[in-house]
Structure formats: C-alpha cells, structure tokens
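Enquirer: Quick one: the structure is below, and I'll ask about it shortly.
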Amino acid sequence: MEALAALWDGAFGSPFAFWSATLVRATPLLLLGLAVAVAFRAGVLNIGAEGQLLLGAAAAAAVALAFGDAPRLVLVPAMVLVGALAGAAWSGIAALLRRRYGVLEVISTIMLNFVAAAMVSWLVRGPMQEPTRVYPQSSSFADAAHWPFLLNGQRLHLGFALGVLAAWGLWWWLEHSAAGFRVRAVGGGARAAASAGGVDVGRTISRVFLLSGALAGVAGASEVGGVTWALYEGLSPGYGYTAIAVALLARLDPRWILVTAVFFGALDAGAAAMQRDAQVPSVVVQIVVALVVLAVLAARYVHARRLAQRAAPETA
Amino acid sequence: MTIASALALAGIRHRFGHTLALDDAHLTVAPGTVHALLGENGAGKSTLMRIAFGMLAPDAGTLAVQGRPVQFRSSADAIAAGLGMVHQHFALVGPMRAVENVALGSRGRLDLTATAARMREVAARTGLSVDPDAVVATLSVAAQQRLEIVKALVRGARVLILDEPGAVLTPDERADLDRWLRQFCADGGTAVLITHKVREALAVADAISVLRRGRSVLEAPRADVDDDAVVAAMTGEALRASPAKAGGAAAIRGLVPTPSAEPVLALDAVTLRDARGVTRLRDVTLRVARGEVLGVIGVEGAGVRELLRVLAGRLAPTTGSVRRPLRVGFIPEDRLHDAIVPAFSLAENLALADAGHARGRLDWRGIRRATADVLTAHDVRNGTADRLAAELSGGNQQKFVVGRERRVGVDALVAENPTRGLDLRAAASVLAALRDAAARGADGPAVVFHSTDLDEVLAVATRVVACFNGSVREVPPPTDPEDRTAYARALVGTL
C-alpha cells in the first residue's frame, strides 16, 4: 500500500510530478511508440527504435554544438530536421538490407541498436567529448539549443508538443490519406494489396522504414534538446524497447499511444519515487507491466484467432 | 469378389463447411496393381486420399485395408496398417540428411545406423537407392521423391499413395518412376496414383477411377477405357444434370454480341518464363473485345494461371507485347490472400482496389456509399460497409469481390475459378454477374473467365480457348452444342 502510494505520488502526486516527471518521460515514449506503431501497421517489425533514437540524438547534438551561436528559431528546427534525417538514415540501412538481400528487419534493426550504442560511446569519448576530456559526454549546449519549455517553471518541453502533433498527424495519415491506407493494406495483407490494389509493396515498406526511423530520430533530438542538453552515453534507459510495449498496448492506434505513453511515463516516474520513498525495487513495476502487456496481447491474439476461424474458407 | 482388395473405400462422404467435398465416393484397389485416381482440380481426389491415409475422418463411409475393416485416428494408424503416402509437396527437412529424414517419426531410441541399414536393404530389394548421408536439400527433386518412397517402404508400406508424382518430374524421370511402380506391384505391392493428367495415368495404370465433384463416376480396368472415355467422365459428359448449365449456354449464345472492332485486350507473341526459367506461356497471340466472354480451359500447370495474370496486368511477359486498358478487374482464385484483407471492413476492401494509384485524401464517405451500392447490386447478404470482410461467408465475400471488380469504369474483367469453394447458389449468382457484365455488349467490359469446371465455362463463354503446355489455341464451337469431344481433346493437347 505504501509502495503504491509512493508510486502514485511520484507520477501524479503534485503538479511537478505530473508536468516535470511523468510527461517528460512520456515524451520519448510517445514519439518512439508512434515510430514502432507505423512500422508494425505495415507489418514491418522495427525493433530498432532505440538505435534510431541514439543516431537522432547524436546528430541533433552535433548540430547544437556546431551552431550554438545561431538563433533558437533556426537552431531548434534544424535539430528536429537533422535528428529525423539521421534516424531515417539508420532505419534506411535495415530497409535496404531487407529489400536487396531479404534480411529480416527483426535481426538487422536489433543489431543496428548495438552499433548505434557503440557509436555514441565512441563519440562521447572521441570527437564529441567535452574539452577537459574527463567525462564521457559532450559539452553542454548553448542556450539557443535548449528546447523551449511549454509551462513556466515545469520541465515539460517542446518535444511533447511535437509528439502530440505527430500522434494526431499520424492518425489522420493512416486513416484518411491514400498513402497511409497503402501502409495499412500492406500490413493487413501484402498479397491482396499487390494483387487487388496494384500497391508497390516493396516501395511502401521502404518508405515506412524511413518514416519510422525519422520519428525515432526526432525522439532522440527531443531528448538531447529538451532534457539532457548534452550527448551522454546512457541517454536512453531502453526507451526504444519500452516503446514496443507502448505501441502494442495501444493496438498500434496513434490516439491511444498518447494514453499508453503517458501511462508508461507515469509508471517510470512513479517507480523511481517508489524505490526512493518506499524502498521497493523499481523492477517490481517492470515485472507487473510486462505481465499486463503479455495478458493484453494474449487476449487480443485469442480474439484474432476467433475472427480468423470464422473467415476460414469452406474449401479444402 | 474373389480377390480381397488392398485398399477399399466405400460410401465416403465428407463436408467442409457448406461444401460437400465428397459424396458417396468409392475406390477399390486390387492388390498388385497400379490404380490411377483421376479427376479435375477440386474433384475430391486429394480429400479422398487424405481420408484413406487417416489425415481426415470421413463423415460417413467405410475403409478396409487388405480386406480388413479399419478406422484410422491419425496417419500413424494408417502407416501401422501398411499404407504410405508421398505428398505432392514433399514432407522432408531440407538441411537434414536422408537417413535422419527416414528416422524422423519413428519412436524410441534414434538409431541412425539401423535406419541406414534398412534403407540399404530396401535399395537392394526394390532398386530404389538414396545415399543415407546425403543432405536432402542437395538432392534433385527426383531423388527427393525417391527418398519419400523409401521412407514409406522402410516403415513397412505395402500400399503406396502418390499425389501427383509426375508434376515435378522430367519425362525421363517419369518413365523411370512408371517402370519402378510396375516392378513394385509385380512384387506384390500396390500403388494408388492421384493425378489429373489422363495420359500419364493411362500409361502406367492397371485400373482407373474417376471422381467428379466428389462422386465416383467411373471405375474400370485400364483395358476397358480410352482417353476419350476418361476425359468425358472427368469433365462430366457422363453427368448431364448441371446447375450451371440451366439456361446458361443457350441463353448467352442467343445474344452473342457483335464484338466491337477494336479489341480491349490484345496479346501479341507473348512468352513468359518464370523465375526458374521454365516457359509458362509460349508465343501467345490473343484478342478479346467488349461484350465477349472468353472462356479459358486448361489443366493445372498448362499456363492458365499465367495467361490470366498477364491479361490482368499482374504479371509482365518476358517477351511480346500486351495491350490492355488502365483498369482491369481481377478476381483471383485465392480470395482470402489475393483479393481481400479479411481484417478490413468492406469499405476498406473496396478502397483496396484503387489503393495503388490513389493520391491525397481518401473520401471515406463516398467509399462507404459505393460499398453499399455494390452490396445491394450484388446481393451480398449480411453486409454493411463497416462490417469486416472476415465476418461474411465465402459466397458473400466472392459476390462482394465480383461487384468490386465490376465497378464503374472497368473495361476488362478477368476471373479465375470464381466459383471455387462456393455453394451452388452463390456460384450461380457469381456466374450470372459475369454473364450480365458481358450482356451489356459494347458498353460492357471484355470478360476473360476460367473455371476448372467445363460446364461453367460453356455456360458463360461466348468463345473458348484452351491452354496446353503454355500454348493457347482457340477451340472452334462444335456443330452439336452437346458434343464435348473437342474441348476434352484440347485439354490434353490432342486437338
């Protein structure tokens, strides 16, 4: 009981807990959840959001450090853009491997995560290390590269607004645009999309890879620009993997990802408080979360099988 | 009966959902003979043999092996009773060695040395040799087939069931297999050959059985039949009562439209080779005009599938030229994989047809309206625009697909076995939809229609072409409309 109270307080107990802890932690989960969801909707199992985030973060940090004297109005959009491009480039490798050589993206993206983590480690000890050469991190960004806060006195930053905008945009795109519909059609049945609709499946899949990577890259830019103001080694505590749960729990629906990302952000913030105030290890929360996700997925799988059985053809 | 039969099935009935796959099918195989089981695609051959091999339980009917009545609960029971089956698609594990594949499925301790010894013993006895240590994936297709037979023999099979064994073999390999089968039967074994290739069957069999639409229509010693008789039994000249025919052929011939001068679909010297370099279509030249229903007939592997896909723009020819309108409606055979997304709503499935070239924003309201129109016009029961396609029955799904592909602005319509798996009423309504598409004459689309059921083709088509071995030739209409000989000959390439 005490632990639960600590968990709740840590997530929602005060304005600070909500606006500066829960939502700040929800921000990367939101953008990454969208990245995972759009890929999964096309049947592309992009497990590489983590790596794409790291690349986006490194690229945005490089821009922030190189052009620190540029005005904020130029610098921040440039960080978003460069972060997106870097994330897309990273997922583009997996896209190319799949299209050219048929490499499964589950394998390639997860491998690229390790490469990305190693690259960031090297950057913060080599070319991007702070001038005293003591700490494995970059210099802190100039003020112009700090993303604007959304509320006075709270740490909630521009990244969250971008995430909300992206969620709405992605939902609209998937439901109401022809290109988004192609993505859903390829995920729903690639053969039918190609045969009945003349959809270029290979091209659709490649584009989804790039979009997914770009969203994850923006999440990386948002972390360095809005939270850390420098490039660190342990920038992400596995946000890219948590995002898979965020997306799946939301049934890959961008509107619900807003909800599940905040939910996971709250758990994350609350778990830290619980460990601090009630001496309950935060992994307990992770275990409970994992069980919830498994239960939800299992229930959905059973439902899908029922549906499939009803659709079973009468032919042999 | 003086001789006990090696394998006997009687009064077999089996139902898949709404479709009666087998109805009073029977088969009596005398010991020491090669018995060919013939029938068109979907006639029920494979279902009957899966029942014989214990993979399916019949709804009614009896089985006997070597004169003893049996009831199989699984294929393990059938193997124990001395049956062996070689599937068309081999059940082999590619990366494993031959001996491991043979040992697979045996119980208790895995003794590869003993298994290899038994393989050599089978080789010595029957002449079928496969290197026990060869990795299966490196073996030729013929050797893999040999391995399947060895596998069955090592397990003690005395009755071998072979499903379309000729489909994967070269003519020489086929001849080897035929020779081996005759020797196997001369030594006391028994073989059942499932095929739809009349000539292959007649070349090797001692007796012939024919299934048509789930019923046994012919069972006779080889000496008593010729290829015309077998083809007639397969295609149904022997069975006159056919629902598709009622009023069909005569009605449509009455209003044979004057095809407009300009053909809508035109193929010139089209040749198609598949990924493995096998020629699927050779030098095909073809014209289809508005208001025509071109009926395409041909057995599996004859090139029908490829011809329809080239006409529908789903396959590009290797050489030659294709002229076709921008939008061709296509009704593929495998509805659930190639035509619809079961987890999508019907409105979404309608939008699917334009997904490839749609731009910008989708007008869902208009799409829903159009869906509702299709559902009404084609009598799709229980359908609303927001219902999932998976929630409809197969027949209603197909009526929806036909309606979608016929939607306004389509200049050509290609239908591949559109009545497959449908009950009679749904089938009749799908055929009617094709008929009245064409009945609109110069305003209607050019229709290309293939069915494995000759009756259906003749009921709907205004002109018939036959595929054989990748070549396409027109079958001139016989003077007597009831005479099927020309069609039957075209199917086996002897026109």
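Enquirer: For residue B:105, all conditions in the list (1) under 26 Å from residue B:77 (Cβ atoms); (2) more than 32 Å from the chain's Cα centre (by Cα) hold save one; what is the number of the exception?
Expert: Single failed check for residue B:105: (2).
Enquirer: How many residues does the stretch B:165-189 hold that are at pLDDT below 85 and crowded, with 20+ Cβ neighbours inside 10 Å? Reasoning before the result, please.
Expert: Taking the stretch B:165-189 as the starting set, the residues that turn out to be at pLDDT below 85 are B:166-174.
With the extra rule that they be crowded, with 20+ Cβ neighbours inside 10 Å, the set shrinks to B:166.
Residues that pass the stated criteria total 1.
Enquirer: Looking at the stretch B:448-495, which of its residues are surrounded by 15 or more Cβ atoms within 10 Å (Cβ to Cβ), part of a helix (DSSP H, G or I) and in contact with a helix residue (DSSP H, G or I) (Cβ under 9 Å, 6 or more places away or on another chain)?
Expert: B:454, B:455, B:456, B:457, B:458, B:459, B:460, B:487, B:488, B:489, B:491
Enquirer: Which condition number in (1) modelled with pLDDT of 85 or more; (2) away from every other protein chain (no Cβ under 14 Å); (3) assigned to a loop (DSSP other than H, G, I, E, B) is the one that residue B:418 fails?
Expert: So residue B:418 meets the others, but not (2).
Enquirer: So, one more: Could you list, in sequence order, all residues of the stretch A:215-232 that are surrounded by fewer than 24 Cβ atoms within 10 Å (Cβ to Cβ) and over 17 Å from residue A:21 (Cα atoms)?
Expert: So in the stretch A:215-232, the residues surrounded by fewer than 24 Cβ atoms within 10 Å (Cβ to Cβ) come out as A:227-230, A:232.
Of everything in the stretch A:215-232, those that are surrounded by fewer than 24 Cβ atoms within 10 Å (Cβ to Cβ) and over 17 Å from residue A:21 (Cα atoms) turn out to be A:230, A:232.
Enquirer: Separate question: Just the residues that are more than 16 Å from residue B:449 (Cβ to Cβ), within 17 Å of the chain's Cα centre (by Cα) and open to solvent by 40 Å² or more (accessible area, probe 1.4 Å), please, taken from the stretch B:303-339.
Expert: B:334, B:337 - these are the residues of the stretch B:303-339 that are more than 16 Å from residue B:449 (Cβ to Cβ), within 17 Å of the chain's Cα centre (by Cα) and open to solvent by 40 Å² or more (accessible area, probe 1.4 Å).
Enquirer: Being under 30 Å from residue B:442 (Cα atoms), modelled with pLDDT of 80 or more and either within 21 Å of the chain's Cα centre (by Cα) or among the β-branched types (Val, Ile, Thr) (or both) narrows it down to one residue among B:217, B:284, B:231; which is it? Spell out the reasoning first.
Expert: Details: B:217 fails: under 30 Å from residue B:442 (Cα atoms); B:231 fails: under 30 Å from residue B:442 (Cα atoms).
Matching residue, one of B:217, B:284, B:231: B:284.
Enquirer: Look at residue B:107 and say whether it is charged (D, E, K, R) and not in a helix (DSSP H, G or I).
Expert: Values: charged (D, E, K, R): yes; not in a helix (DSSP H, G or I): yes.
So residue B:107 passes the test.
Enquirer: For the stretch B:9-25, give me each residue that is open to solvent by 20 Å² or more (accessible area, probe 1.4 Å) and among the aliphatic types (A, V, I, L, M).
Expert: Just the residues of the stretch B:9-25 that are open to solvent by 20 Å² or more (accessible area, probe 1.4 Å), to begin with: B:10-11, B:13, B:15-20, B:23-24.
Of everything in the stretch B:9-25, those that are open to solvent by 20 Å² or more (accessible area, probe 1.4 Å) and among the aliphatic types (A, V, I, L, M) turn out to be B:10, B:20.
Enquirer: Tell me which residues, restricted to the stretch B:120-158, are within 12 Å of residue B:84 (Cβ to Cβ) and open to solvent by 70 Å² or more (accessible area, probe 1.4 Å). Don't jump to the end; show me each part of the working.
Expert: Just the residues of the stretch B:120-158 that are within 12 Å of residue B:84 (Cβ to Cβ), to begin with: B:122, B:148-158.
Of everything in the stretch B:120-158, those that are within 12 Å of residue B:84 (Cβ to Cβ) and open to solvent by 70 Å² or more (accessible area, probe 1.4 Å) turn out to be B:155, B:158.
Enquirer: Here's a follow-up. Among (1) in contact (Cβ under 8 Å) with a residue 60 or more places away in the chain; (2) open to solvent by 50 Å² or more (accessible area, probe 1.4 Å), which single condition is residue A:120 missing?
Expert: With (1) in contact (Cβ under 8 Å) with a residue 60 or more places away in the chain; (2) open to solvent by 50 Å² or more (accessible area, probe 1.4 Å) applied to residue A:120, the lone miss is (2).
Enquirer: Also, I was wondering about something else. Say we look at the stretch A:146-197 and pick out the residues that are within 14 Å of chain B (Cβ to nearest Cβ) and not in a helix (DSSP H, G or I); which of these is modelled with the highest pLDDT?
Expert: A:177
Enquirer: Name the pairs: first residue in the stretch B:48-76 and without any contact (Cβ under 8 Å) to a residue 24 or more places away in the chain, second residue part of a helix (DSSP H, G or I) and open to solvent by 50 Å² or more (accessible area, probe 1.4 Å), Cβ to Cβ under 7 Å, at least 6 apart or on different chains?
Expert: none
Enquirer: Let me confirm something: among B:58, B:31, which residue is open to solvent by less than 60 Å² (accessible area, probe 1.4 Å), outside any strand (DSSP E or B), within 14 Å of chain A (Cβ to nearest Cβ) and modelled with pLDDT of 90 or more? So that I can check it myself, show each step before the final result.
Expert: On the way: B:31 fails: within 14 Å of chain A (Cβ to nearest Cβ).
One residue alone meets the criteria, B:58.
Enquirer: When you go through (1) free of Cβ contacts under 8 Å to residues at least 40 places away in the same chain; (2) out of contact with any Asp or Glu (no Cβ under 6 Å at 6 or more places or on another chain) one by one for residue A:225, which number turns out not to apply?
Expert: In the conditions (1) free of Cβ contacts under 8 Å to residues at least 40 places away in the same chain; (2) out of contact with any Asp or Glu (no Cβ under 6 Å at 6 or more places or on another chain), residue A:225 misses (1) alone.
Enquirer: Got a sec? Which of A:43, A:10 is touching a Gly at 6+ places or on another chain (Cβ under 7 Å), small (Gly, Ala, Ser), within 26 Å of residue A:171 (Cβ to Cβ) and open to solvent by 10 Å² or more (accessible area, probe 1.4 Å)?
Expert: Working: A:10 fails: within 26 Å of residue A:171 (Cβ to Cβ).
Just a single option satisfies the conditions, and that option is A:43.
Enquirer: To continue, here is another question. How about the stretch B:315-341: which of its residues are touching an Asp or Glu at 6+ places or on another chain (Cβ under 9 Å), within 7 Å of another protein chain (Cβ to nearest Cβ) and part of a loop (DSSP other than H, G, I, E, B)?
Expert: Listed by number, the residues that qualify are B:332, B:341.
Enquirer: Is it the case that residue B:300 is in contact (Cβ under 8 Å) with a residue 40 or more places away in the chain and open to solvent by 30 Å² or more (accessible area, probe 1.4 Å)?
Expert: Details: in contact (Cβ under 8 Å) with a residue 40 or more places away in the chain: yes; open to solvent by 30 Å² or more (accessible area, probe 1.4 Å): yes.
Here the answer is yes, as residue B:300 does meet what is asked.
The rows are residues; the columns are (1) outside the structural domain of residue B:49 (by TED's automatic domain parsing); (2) free of Cβ contacts under 8 Å to residues at least 24 places away in the same chain; (3) within 30 Å of residue B:300 (Cβ to Cβ); (4) touching a helix residue (DSSP H, G or I) at 6+ places or on another chain (Cβ under 7 Å).
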site: B:108; (1), (2), (3), (4): no, yes, no, no
site: B:117; (1), (2), (3), (4): no, yes, no, no
site: B:138; (1), (2), (3), (4): no, yes, yes, no
site: B:141; (1), (2), (3), (4): no, no, yes, yes
site: B:160; (1), (2), (3), (4): no, no, yes, yes
site: B:163; (1), (2), (3), (4): no, no, yes, yes
site: B:168; (1), (2), (3), (4): no, no, yes, yes
site: B:172; (1), (2), (3), (4): no, yes, yes, no
site: B:175; (1), (2), (3), (4): no, yes, yes, no
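Enquirer: What is the one condition in (1) in contact (Cβ under 8 Å) with a residue 60 or more places away in the chain; (2) surrounded by fewer than 24 Cβ atoms within 10 Å (Cβ to Cβ) that residue A:1 does not satisfy?
Expert: Result: residue A:1 passes all but (1).
Enquirer: Just give me the residues in the stretch B:332-373 being closer than 14 Å to residue A:175 by Cβ and either hydroxyl-bearing (Ser, Thr, Tyr) or not assigned by TED's automatic domain parsing to the domain that holds residue B:403 (or both), in sequence order.
Expert: Hit for the stretch B:332-373 is B:345, nothing else.
The values are calculated or read from the model by the stated rules, or taken from the named source; none is laboratory data. Keep in mind that this is a model prediction, so the values were computed, not measured. Heads up, the Cβs are rebuilt from the backbone with ideal geometry, glycines too, and the neighbour counts pull from every protein chain shown. Side chains included, ligands, DNA and RNA excluded: accessible areas come from the protein's heavy atoms. Shrake-Rupley method; radii C 1.70, N 1.55, O 1.52, S 1.80 Å.
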